[in-house]
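The structure under discussion appears below in the form of structure tokens.
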Amino acid sequence: MTEVDRVNVEKRLSDMAVYNGVAYLAGQVPDDPSLDIQRQMAQVLAKIDRLLAMAGSGKVCILMAHIYLANMKEFEGMNKAWDAWVPAADAPPRVTIETRLANPDYKVEVVVTAAVP
């Protein structure tokens, strides 16, 4: 049996678990919730980059992305940051869902699953 590697383990969750060639990221949120949606999203995407790099993966290996928006009216601003980040030829499957987030100042949370080559 392959061992599960966990990253940044806390009492309730880990930021990432890697198992059998797949990295499973917990929901990533911005460090500064006072920012606008585009800058919050950019912070989240940078965190995803760092975690995937730790696993030996990267954004071109993303298998699925779940984006949770506090307000769907900010969809366009979120997409501006996403479009600047994601490689067009390797855009992964994605879903965007409007929902209430744990911190009312968060505008976005992103969950990613990626292959680890």
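The table for this structure:
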{"item": "Residue under evaluation residue 50, criteria (1) closer than 16 Å to residue 114 by Cα; (2) touching a residue at least 60 places away in the same chain (Cβ under 8 Å), criterion not met", "result": "(2)"}
{"item": "Qualifying positions in the range 27-76 - touching a Leu at 6+ places or on another chain (Cβ under 7 Å) and among the small types (Gly, Ala, Ser)", "result": "58, 70"}
{"item": "Subset of the range 69-117 (residues that are buried (at least 16 other Cβ atoms within 10 Å of the Cβ) and at pLDDT below 95)", "result": "none"}
{"item": "Filtered residues of the range 47-68 (kept if surrounded by 15 or more Cβ atoms within 10 Å (Cβ to Cβ) and within 12 Å of the chain's Cα centre (by Cα))", "result": "47, 48, 51, 52, 58, 59, 62, 65, 66, 67, 68"}
{"item": "Residue list for the range 25-37, restricted to those being more than 10 Å from the chain's Cα centre (by Cα) and surrounded by fewer than 19 Cβ atoms within 10 Å (Cβ to Cβ)", "result": "31, 32, 33, 34, 35, 36"}
{"item": "Residue list for the range 1-36, restricted to those being closer than 14 Å to residue 113 by Cα and among the acidic types (Asp, Glu)", "result": "15"}
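The values are calculated or read from the model by the stated rules, or taken from the named source; none is laboratory data. These numbers come from a predicted model, not from an experiment. No Cβ is skipped: glycine too gets one built from the backbone with ideal geometry, and neighbour counts run over all protein chains shown.
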